[in-house]
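Following: one structure in structure tokens, then a few remarks.
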Amino acid sequence: AYTTDTKSREENKKTIESLYRLSVDIKKIRRLKEWVLLQDVAYVKEIADILKEMGADETTVANILERCPEAILHTPAEINSQRTLWQLVCQNENQLIKLIEQFPESFFTTQYHENQKANILFFQELGLKNNIITRFLTSAPSIFYNPVEKNKNMIETLQRNYLSLGGSDANMKIWILKLLSQNPFILLNSSTTIQENLEFLQKNDFRDHEVLQLLSKLKGFIFHLTPTTMQKSMLYSKNVFKCSDQELKQLVLKCPALLYYSVPVLEERLEGLLKEGISVAQIRDTPMVLELTTQIVQYRIKKLSALGYDIKSGTLESLNGTKKDFEVSYGKIQSKKERPIFNPVAPVHIEE
């Protein structure tokens, strides 16, 4: 066990010398995590040798130890166990060393080793591909710290709700895998949260198939919300668009962002659009424009204006969508503008 208490302690000279031999920037470690250098026991050479054995060159080893110096406080046995574990989902050691260099903290968190192992095997049984599991290990490592039973319970809760909302047995596995790959953090929620949020939607007259539609559209992020925040966002939209409950429901189905974003976010985006001369009626017709940040909207309006396209009098459809969608719309408007207007049946005037 090591401590982060740094009072009246000296740096471990042996650790400093070993790191120096590996060309590690010790000043960087002193600045960011000096407590590592104060520990009585460190395994600098041993950890470096394991990394080299996996195919890391000296620069890579130095990079890894600079970014995650606490790696040297783990025993070689712990690191070799992690290596074996991650090899279950990595194609080869070359891929593994690249992942360690990019995400050293995820690899060198060894205290949940047994949970990590059980969860990797569970995800494989569930049908998740290894490349998705490696993405989880690096970008959402906390889901592996859960006991496997908790993750299993969460998956069972999702499956149960999917079926009770009218989903079919045949599509359930595909739906769960897609939801998980889009948002692995869904596993950090509690069954109660899932239940409360789904009940809130049903109480607000969303039919089962509509609730399912919202779950899929929002990629499960609906479970990171609370009935209170959703209620506030819906009330705000209802007041802004001056619509009935039924009309509001249609707007939410068209643009789930109205449910997902908090009131301050929706306010800021709405104000940004109004400042550009866009009317509330235009936004109501194309609410998806609220999914975009104010900066993106301003940039897109500027680009379209340069082509002589007046966003105030036209539709907001051309502003919508991903970066790729916008480039397609922009390209169409640009080519229309550049194309000369030619009427094949118009009489040709020839000066005599």
Folded to 0 to 90 degrees: helix 208-217 orientation relative to the chain principal axis, Cα: 60
Over the range 10-110, relative contact order from alpha-carbon pairs under 8 Å, at least 6 apart, %: 28
Cα long-axis angle, helix 169-182 against the chain (0 to 90 degrees, to the nearest 10): 70
GNM result for the chain, Cα springs below 10 Å: residue of 107, 123, 326 fluctuating most strongly: 326
Debye, to nearest 20: dipole size of the range 10-110, +1 on Lys, Arg Cβ, -1 on Asp, Glu Cβ: 200
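Could you tell me which of the pairs 52/117; 150/219; 219/312 are separated by over 30 angstrom between their Cα atoms in the structure shown? Show your work: numbers first, answer last.
On the way: 52/117 24 Å; 150/219 20 Å; 219/312 32 Å.
Table pairs above 30 Å Cα-Cα are 219/312.
Just to be sure I follow: if Rg is taken over the C-alpha atoms of the chain and Rh is the Kirkwood radius over the same atoms, what is Rg/Rh? Don't skip to the answer; put the middle values down first.
Details: Rg = 27.8 Å, Rh = 24.9 Å.
Across the chain, the Cα-based Rg/Rh ratio is 1.12.
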Volume in Å³ per residue [convex hull over Cα atoms, computed for the range 129-210]: 95
Relative contact order %, the chain, counting alpha carbon pairs below 8 Å whose residues are six or more apart: 8
GNM top mover of 173, 324, 117 - the chain, alpha-carbon springs below 10 Å: 324
Dipole magnitude of the range 208-321 about its Cα centre (Cβ charges: Lys, Arg +1; Asp, Glu -1), debye to nearest 20: 180
Relative packing of peptides 250-260, 37-47 - highest average C-beta neighbours within 10 Å first: 250-260, 37-47
Accessible area (Å², 1.4 Å probe, nearest 10) - residue 49: 60
Accessible surface, 1.4 Å probe, highest first, among residues 74, 224, 209: 209, 224, 74
J(HN,Hα) series, the range 134-149, from Karplus relation 6.51 cos²θ - 1.76 cosθ + 1.60, nearest Hz, glycine and proline x: 5, 5, 5, 4, 8, 9, 9, x, 4, 5, 7, 7, 4, x, 4, 4
Net charge, residue 90 excluded, C-beta distance under 12 Å - Lys, Arg +1, Asp, Glu -1: +2
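Sorted by accessible area (1.4 Å probe), largest first, how do 35, 175 line up? Each step should come with its number before you reach the end.
Values: 35 55, 175 35 Å².
The most accessible residue leads, giving 35, 175.
Leaving out ligands and nucleic acids, note down the accessible area per residue over the range 81-234 with a 1.4 angstrom probe, in whole Å². Intermediate results must be reported in sequence, preceding the final value.
Working: 7230 Å² over 154 residues.
Solvent-accessible surface per residue comes out at 47 Å².
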20 Å Cα-Cα reach of residue 14 towards aspartates and glutamates, excluding residues that sit fewer than 8 places from it in its own chain: 5, 25, 34, 40, 46, 49, 58, 66, 70
Net charge of Cβ neighbours under 13 Å - reference residue 11; Lys, Arg +1; Asp, Glu -1: +2
Karplus (6.51, -1.76, 1.60) ³J(HN,Hα), θ = phi - 60°, over the range 257-262, in Hz, Gly and Pro reported as x: 4, 5, 9, 7, 7, 6
Debye equation applied to the C-alpha atoms of the range 10-110, log10 I(q)/I(0) at 0.10, 0.11, 0.12, 0.16 Å⁻¹: -0.24, -0.29, -0.35, -0.61
With all protein chains modelled, accessible area of residue 193 [1.4 Å, Å²]: 40
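The values are calculated or read from the model by the stated rules, or taken from the named source; none is laboratory data. The shown structure was predicted, so the numbers you read here are calculated from the model rather than taken from an experiment. We place every Cβ from the backbone using ideal geometry, glycine too, and count neighbours over all the protein chains shown. Heavy atoms of the whole protein, side chains included, go into the accessibility calculation; ligands, DNA and RNA do not. Shrake-Rupley method; radii C 1.70, N 1.55, O 1.52, S 1.80 Å.
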